[in-house]
Amino acid sequence: MSPGEPEILILPTAADASEVAARRIAAALTAAVADRGVGHWVTTGGSTPGAIYRDLAGPGLVDSVPWDSAHLWWGDDRWVPPEDVLSNALACWDLLLRNVPIPLDQVHPMRIGEALAAGVGPPAVATQYEAAIRAEHLPLDPAGFPRFDVILIGVGSDGHLFSVFPGSATWDDPSWVQAVPAPSHIAPHVARVTLHPRVIDATNLPIVVAHGTGKAPIVGRIFGARASERDLPALLARRGGALWILDEAAATDLPAAVRAASVD
Ligand code: 6PG
């Protein structure tokens, strides 16, 4: 069966792309809360989410989100203390969570700081994080993975998403959350904890955001001839129902037919 194609939006600038992403996340959470009384958002790491956090916490959007019924999760995090600049949670605390009225028991960072203090490793945090997700009783997809309402995804220059790198062993382990050894081919070279890539299949709305010329080659490759998801994990989000939000610079290498079907 064909996985279908995502909606692709191409915005003039990175700031425009971030603003649209923030609006879509806000709308997805609002719709989920209207529908089921709760909205589950998985965010990402790297440099992409910072401006999106600022927009969500800004005057135009902050009051539109039903924060008291929202849950925030992370798709992956790095094996560093939460106050380390490499932590995927740090920017979120600084730019979003300090500034929005989300109940703290609905914010679900990976417990890496506690694990470091206790001297336990990434597998323990992965097990604990899966238990935390299970405790919220999200609906499951037919393959048994949790259906988050919206997932924000960044793409690495090698085509990884979350901390699922090309050739990742995560596919062969059905655990929802897994420990990942430090990648040697891409920085930062620290161990990670990541959600299973099949969580992308299960989610209602995967939103991929990519901006800058540095992302153009990998975005072009993802929308070229279909390859194996194991070799190019970001292909998981090249499917119907997903949304890609690019700026002009990141869209430079899109095949002409894909570009023609996108929305400027
Ligand atoms: C991480 C990530 C990772 C990230 C991409 C894009 O912890 O590294 O969550 O999947 O989203 O590498 O990173 P940038 O936003 O920095 O381009």
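The values are calculated or read from the model by the stated rules, or taken from the named source; none is laboratory data. Since we're looking at a predicted model, the values are computed, not measured. All Cβ positions, glycine included, derive from the backbone under ideal geometry; neighbour counts span all protein chains shown. Protein only, heavy atoms only, side chains kept; ligands, DNA and RNA dropped before computing areas. Shrake-Rupley method; radii C 1.70, N 1.55, O 1.52, S 1.80 Å.
Per the Cα gyration tensor, the range 127-264 maps to an equivalent ellipsoid with semi-axes of 26, 18, 12 Å, ordered largest to smallest.
Rounded to the nearest 20, the size of the Cβ-charge dipole of the chain about its Cα centre is 320 debye, with Lys and Arg at +1 and Asp and Glu at -1. Per residue, the chain exposes an accessible area of 41 Å² to a 1.4 Å probe, with every protein chain left in place. Here the relative contact order of the chain, from alpha carbon pairs under 8 Å that lie six or more residues apart, stands at 26 percent. Remark: the range 7-261 is approximated by an ellipsoid whose semi-axes, taken from the C-alpha gyration tensor as √(5λ), come to 25, 22, 18 Å, largest first. One equal scatterer on each Cα of the range 58-208, no solvent, Debye formula: the resulting log10 I(q)/I(0) at q = 0.12, 0.17 Å⁻¹ is -0.51, -1.07. Most tightly packed first, judged by the mean number of other beta-carbon atoms within 10 Å of their residues, the peptides 179-189, 28-38 read 28-38, 179-189. Rounded to the nearest 5, the antiparallel percentage of DSSP beta bridges internal to the chain is 30%.
For the chain, what are the DSSP H helices with axial Cα length of 15 Å or more and mean Kyte-Doolittle hydropathy of at least 0.5? Length and hydropathy pass: none found. Is the range 37-137 rounded, prolate or oblate when judged by the Cα gyration tensor, a ≥ b ≥ c being the square roots of its eigenvalues, rounded requiring a/c under 1.5 and prolate requiring a/b larger than b/c? Oblate shape, in that a/c is at least 1.5 and b/c is the bigger or equal ratio.
The range 9-28 and the range 148-223 have Cα centres separated by 20 Å.
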